[in-house]
Every structure is written in structure tokens, then in C-alpha cells.
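For reference, the structure is listed below as C-alpha cells.
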């Protein structure tokens, strides 16, 4: 059989065309895959950038309480004169959320902040929808009036904030008995912001002052702190609250 150079040439060109078409399809597919990769990576990067800010370690409840100063509340009828030691029974211990300054200052929309939003031990992971900064104050999601939180800076951390600059306290738990030291001291300034506090010393005198039926100011987280040393209350401080 004789070689027909026209048919041969056509066959070669056809084969070459098919090969080129095949490369073109592969190139297109590869290009499509390569083009979609950055989009997925970018989305994953955005997700990775979102952070959850946790409160700093707060009060750890124990009975008796460890040495330190605590915000508490109690009813006056829970102050008892005992046979050996005078006590406050069923006192509620409180704390408030604090956050490291770098974490709050780096926070942005889409992040979450874990907070004791309803004043109990239960925490809420609050998604940051808006954040406003002014001087040492931070308002998240419109602040406390709109279901968010307010923060203010103190030294190297931020703390929660309510009206009159007080922290947003939450309940840590109940201590069955707070024992008074024999030489306990009460500094009571609840009656007047500008006046010197009334000083009361000795467990019986402090007991009488705390259980007085004539008291109108109450003993609560906003105005009362106790100092514990060696398992006993050595100092009680009640301040004026507007």
C-alpha cells in the first residue's frame, strides 16, 4: 500500500489537535482548582482569627474561705452570738469579671467574650457585634443597658462596669459560716459619704452592730467586704453607696 501523504498529514494534525485539546482541558481544570483554593484558605483564616476571651481567675469558694478580701451579702438575722465564736451564717460570696488588657484591646467584631451576664455562676459566651472604645472605657454590644457589657481599665486589666462605676457582681456561692476573730474590727461608713466611718471593735460589739434592727443600709455585695485571715474574719468594711 502506498503512503498517502495528505491522509498522513491530516491524521497527524488531528492527533495533535486532540492532544492539545486534552491539555487545554486539564489546564482549565487545574486553573479552576487553583483559583478556588485561596478562597477556602481565606475563609479558614478568617475563622481562625476569631478568638474567645475568658475572664481571669476569680474567687474560688471554700469553707472556711482562704485568706483574702471578699465581697459578701447577708441578712442581719444571720449574725449569731455563739458559745465559743460569733458567726455570720449563710453569707453569699460575690466576685466580678476581669480580663487581661491585651485581650480586650485586641478584641473585634466576631470574637466572643465569656461573662457572668445574669449575676449568677452561669456564664454566657457573648458574641461581639459592636465595640466602642473611649479612653479607658469599652462598650460591647451597646453596654449593659442593651444586653451587652461595659468595661473599664484598672492597671493591667479591664473589669466589668455598672452604674456609678461599680463592678457587675455575680454570685460565687454560699458559705455556711464566717467566724469572727475575737478582735474583729468593723469600719462602717454607710451612713454618709463625706463623714469618717464609725469604728467598732471586738466580736460582741461588731455582732450587735451587724444585727441591729435599726439598720437601714443593709449588707450587700456593693457595700460590704470582709477580710479573712487564718480562717476568721478580722475586718469588715461597709461603705456608702448612692
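Tabulated data
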| item | result |
| --- | --- |
| Computed label-point distance, nm, for sites residue 196 and residue 56 using a 7 Å Cα→Cβ extension | 3.4 |
| Distance in nm between pseudo-label sites at residue 121 and residue 187 (7 Å out along the Cβ direction from Cα) | 3.2 |
| Residue 241/residue 108 FRET efficiency (R0 35 Å; Cβ-Cβ; nearest 0.05) | 0.50 |
| Full-stretch length increase - residue 134, residue 77 - with 0.36 nm per residue and alpha-carbon distance subtracted | 16.1 nm |
| Tensor-based shape of region 115-228 (alpha-carbon gyration tensor, a/c under 1.5 rounded, otherwise prolate or oblate) | prolate |
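Each value in this text was obtained by applying a stated rule to the coordinates, not by laboratory testing. Here the structure is a predicted model, which means the values were calculated and not measured. Cβ: placed from backbone, ideal geometry, glycine included. Neighbour counts: every protein chain shown.
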